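Here's the structure, in structure tokens; my notes come after.
The values are calculated or read from the model by the stated rules, or taken from the named source; none is laboratory data. It should be emphasised that the depicted structure is a prediction, and the values quoted were computed from it without experimental measurement. Every residue, glycine among them, receives a Cβ derived from its backbone with ideal geometry; neighbour counts consider all protein chains shown. All accessible areas refer to the heavy atoms of the entire protein, side chains included, with ligands and DNA or RNA removed. Shrake-Rupley method; radii C 1.70, N 1.55, O 1.52, S 1.80 Å.
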Amino acid sequence: MFMKQAQVTAVETLAGGFHLISLQSDAFRDVAWAPGQKVQVAMGSAFTARTFTPVDWNAISGRTRIVGYAHGDGPGSQWLRSVKPGAPCDVFGPRASLDLSGVQGEPVVFGDETSMGLVYALAQRFPHQKLHGILEVSHAARAGEVIARLALEGVEIHERLPEDAHFPAVERRFAALAATPASFVLTGKATSIQHASRALKALGVSRARMMSKAYWSPGKTGLD
């Protein structure tokens, strides 16, 4: 399955279930990578893997890092909570997931906790380009602590409310950015992406200025 043998070299607990994990492998050297691509880490079997967005990739030293969000009791969350430096793991990728080559103007990333790695990757890769992040989260204080720990600028958080009562505030931010040449990158929960897409279309944002990738959907597995 073209798995690369790697080793966990560092684990940093950020806050609220977020973990920054460093992976090292000779097989990562001389590998081309772009923000938005994914890796899959085997959870004890090549047929049980969880997907992560690398936040950076050092093709000289053979190191990459991922930001993972542990929630629930699934294999990925259990691995994030328990993995220690020195642990071996098998990694598939990097490979295509979200193609950001068409991004023009300032990127606006809409998403949630699972989008934090993508936001960080873009901030690391393009440090002189202004980035807008609009994230819906379950715990605003915890997400805010992660944003501070990662020194992310231009990222705002909206705590989820019952029946999506937080979304009007999100739509107001969309309205302020729709008049600019920004590109909108929609990620995270599938139904939230649909909601965001409808709101942007109503604001006159063309499909050419939008790209999307659902990272998860309630009750479903296999989305990456």
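Descriptive notes on the structure:
- When the range 158-183 is filtered for residues that are open to solvent by 70 Å² or more (accessible area, probe 1.4 Å) and hydrophobic (A, V, I, L, M, F, W, C), the ones remaining, listed by number, are LEU161, ALA179.
- Residue within the range 147-157 that is over 17 Å from the mean Cα position of the chain (by Cα) and either open to solvent by 10 Å² or more (accessible area, probe 1.4 Å) or touching a residue at least 40 places away in the same chain (Cβ under 8 Å) (or both) present: no
- Any hit, the range 60-76, residues being in a loop (DSSP other than H, G, I, E, B), closer than 30 Å to THR180 by Cα and of a type in the set (Gly, Ala, Ser): no
- All positions within the range 184-204 that are among the hydroxyl-bearing types (Ser, Thr, Tyr) and either surrounded by fewer than 19 Cβ atoms within 10 Å (Cβ to Cβ) or in contact with a Ser or Thr (Cβ under 8 Å, 6 or more places away or on another chain) (or both): THR187, THR191, SER197
Okay, residues lined up against (1) charged (D, E, K, R); (2) free of Cβ contacts under 8 Å to residues at least 40 places away in the same chain; (3) surrounded by fewer than 18 Cβ atoms within 10 Å (Cβ to Cβ); (4) within 19 Å of SER97 (Cβ to Cβ):
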position: GLY17; (1), (2), (3), (4): no, no, no, no
position: LEU23; (1), (2), (3), (4): no, no, no, yes
position: ASP26; (1), (2), (3), (4): yes, yes, yes, no
position: ALA34; (1), (2), (3), (4): no, no, yes, yes
position: VAL41; (1), (2), (3), (4): no, no, no, yes
position: ALA49; (1), (2), (3), (4): no, no, no, yes
position: PRO54; (1), (2), (3), (4): no, no, no, yes
position: ASN58; (1), (2), (3), (4): no, yes, yes, no
position: GLY62; (1), (2), (3), (4): no, yes, no, no
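- Reported count of residues in the range 101-121, each being surrounded by fewer than 22 Cβ atoms within 10 Å (Cβ to Cβ) and either in contact with a Pro (Cβ under 6 Å, 6 or more places away or on another chain) or assigned to a helix (DSSP H, G or I) (or both), is 1.
- Residue selection: LEU80 satisfies the criterion of being of a type outside the set (Ser, Thr, Tyr) and under 21 Å from ILE147 (Cα atoms).
- Which numbered condition LEU80 fails, given (1) assigned to a helix (DSSP H, G or I); (2) open to solvent by 10 Å² or more (accessible area, probe 1.4 Å); (3) not hydroxyl-bearing (Ser, Thr, Tyr): (2)
- VAL108 vs. criteria touching a Cys at 6+ places or on another chain (Cβ under 6 Å), among the β-branched types (Val, Ile, Thr) and touching a residue at least 24 places away in the same chain (Cβ under 8 Å): no
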